[in-house]
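Reading through the structure tokens given below for one structure.
The values are calculated or read from the model by the stated rules, or taken from the named source; none is laboratory data. Predicted model only: the values in this text are computed from it and were never measured. Note: ideal-geometry Cβ built from the backbone for every residue, glycine included; neighbour counts use all protein chains shown. Please note that ligands, DNA and RNA were not included when accessible areas were found on the heavy atoms of the full protein model with its side chains. Shrake-Rupley method; radii C 1.70, N 1.55, O 1.52, S 1.80 Å.
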Amino acid sequence: MDPIELRLPHTIQRPKATPNYGPRKHTTRPIVTGTSVIAFKYKDGIMMAADCLASYGSLARFRNEKRLMAVGETTLLGVSGDMSDFQHMQHTLESILTQEYDMDDGQKLGTKSVYKCISNIMYNRRTKVDPLWNSYVIGGLDNGEKILGYVDLYGTTYQSATIATGFGGHLAQPILRRRVEGREDELSEEEAVQILDECMRVLFYRDARSLNKLRRAKVTAQGVEISEPYMLETNWSFAESITGYGS
């Protein structure tokens with residue numbers, strides 16, 4: 001005889017065992033991802049760029065994503081990696097900015113503080129074996145000092161005059177070392193834009209997860225400015241000389 005199960009309408013019923021109930025699971029690989037971010041110092045501040053593509057695996061699924069974010073008045077954030085983890089970081093930073101605003105003590109969150117905050121968050125999640133699957137580039141001006149730093153999913157940090165994430169670390173970094181390093185204090189905005197476009201064009205040619213639609217941003221003494229999306233001009237005629245092209 002089967003046991004009698006009493007169900008009362010005003011009580012909370014315990015869910016039956018299903019595949020959704022079990023041990024806690026962590027993200028083991030990113031799903032919807034963004035690729036390279038390029039950033040470097042120039043005469044007036046920090047220049048940064050990222051394309052607008054978020055890939056679903058190998059599918060170029062979302063073509064108008066914003067991977068550059070202003071944090072406060074003088075800090076710029078760029079992201080590679082999982083877009084849902086980036087949304088979590090956005091909400092966290094917005095909550096911190098709201099708390100700072102509510103304090104109303106005349107203090108503002110500077111670039112160094114944002115950099116330290118993000119590195120602490122990333123390292124904390126790493127120690128829980130539940131990392132945020134992102135690489136962040138943080139740039140800005142802090143009391144007139146140009147700050148450009150990097151944080152990855154392990155909480156590893158460093159600062160440099162030029163930073164490139166993803167495939168940019170292999171394909172764009174040589175261009176940045178040749179054209180930027182040692183010249184940070186003399187690069188004009190016009191030349192900085194040309195260098196950014198050159199790097200992003202090379203990445204579009206060589207990185208299958210990139211797009212020639214991108215946003216460019218800068219941080220100067222006047223604040224953070226993020227451009228509207230624009231298209232890079234490309235020329236594929238050189239590909240005809242590559243062995244195996246089109247075969």
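Take the residues in the stretch 161-189 that are in a loop (DSSP other than H, G, I, E, B) and free of Cβ contacts under 8 Å to residues at least 24 places away in the same chain, then tell me which one is nearest to F204 (Cα to Cα). Let's see the steps before the verdict.
Pass one, the stretch 161-189, residues in a loop (DSSP other than H, G, I, E, B): 161, 165-167, 172, 180-188.
Remaining after also requiring free of Cβ contacts under 8 Å to residues at least 24 places away in the same chain: 181-183.
Details: E181: 23, G182: 26, R183: 26 Å.
It comes out as E181.
Show the residue pairs meeting these rules: Cβ distance below 8 Å; 6+ apart or different chains; first residue within the stretch 66-78 and open to solvent by less than 10 Å² (accessible area, probe 1.4 Å); second residue modelled with pLDDT under 95 and assigned to a loop (DSSP other than H, G, I, E, B).
Within 8 Å, the pairs are V71/L109; T75/L109; T75/G110.
Of the residues K108, K112, which is of a type in the set (D, E, K, R) and in a loop (DSSP other than H, G, I, E, B)? Walk me through how you get there before you give the answer.
On the way: K112 fails: in a loop (DSSP other than H, G, I, E, B).
So the residue among K108, K112 that is of a type in the set (D, E, K, R) and in a loop (DSSP other than H, G, I, E, B) is K108.
Enumerate the pairs (first residue in the stretch 85-104 and on the phi < 0 side of the Ramachandran plot; second residue anywhere and open to solvent by 100 Å² or more (accessible area, probe 1.4 Å)) with beta-carbon separation below 6 Å, excluding pairs fewer than 6 apart on the same chain, so at least 6 apart or on different chains.
If the second residue must be open to solvent by 100 Å² or more (accessible area, probe 1.4 Å), no pairs are left.
Identify, please: which residue in the stretch 48-65 is in contact (Cβ under 8 Å) with a residue 12 or more places away in the chain and either outside any strand (DSSP E or B) or out of contact with any strand residue (DSSP E or B) (no Cβ under 8 Å at 6 or more places or on another chain) (or both) and is, among those, most open to solvent (accessible area, probe 1.4 Å)?
The initial filter retains those residues of the stretch 48-65 that are in contact (Cβ under 8 Å) with a residue 12 or more places away in the chain, namely 48-58, 60-65.
When the remaining residues are screened for being either outside any strand (DSSP E or B) or out of contact with any strand residue (DSSP E or B) (no Cβ under 8 Å at 6 or more places or on another chain) (or both), the result is 52-53, 57-58, 60, 63-65.
Details: C52: 0, L53: 3, G57: 46, S58: 91, A60: 34, R63: 126, N64: 89, E65: 58 Å².
Result: R63.
Suppose we filter M69, M1, M48, M89 for residues that are at pLDDT below 95 and among the hydrophobic types (A, V, I, L, M, F, W, C); which single one remains? Walk me through it before giving the result.
Values: M69 fails: at pLDDT below 95; M48 fails: at pLDDT below 95; M89 fails: at pLDDT below 95.
Exactly one of M69, M1, M48, M89 is at pLDDT below 95 and among the hydrophobic types (A, V, I, L, M, F, W, C), namely M1.
Among the residues of the stretch 190-247, which ones are open to solvent by 70 Å² or more (accessible area, probe 1.4 Å), part of a strand (DSSP E or B) and either without any contact (Cβ under 8 Å) to a residue 12 or more places away in the chain or not aliphatic (A, V, I, L, M) (or both)?
Selection gives E225 alone.
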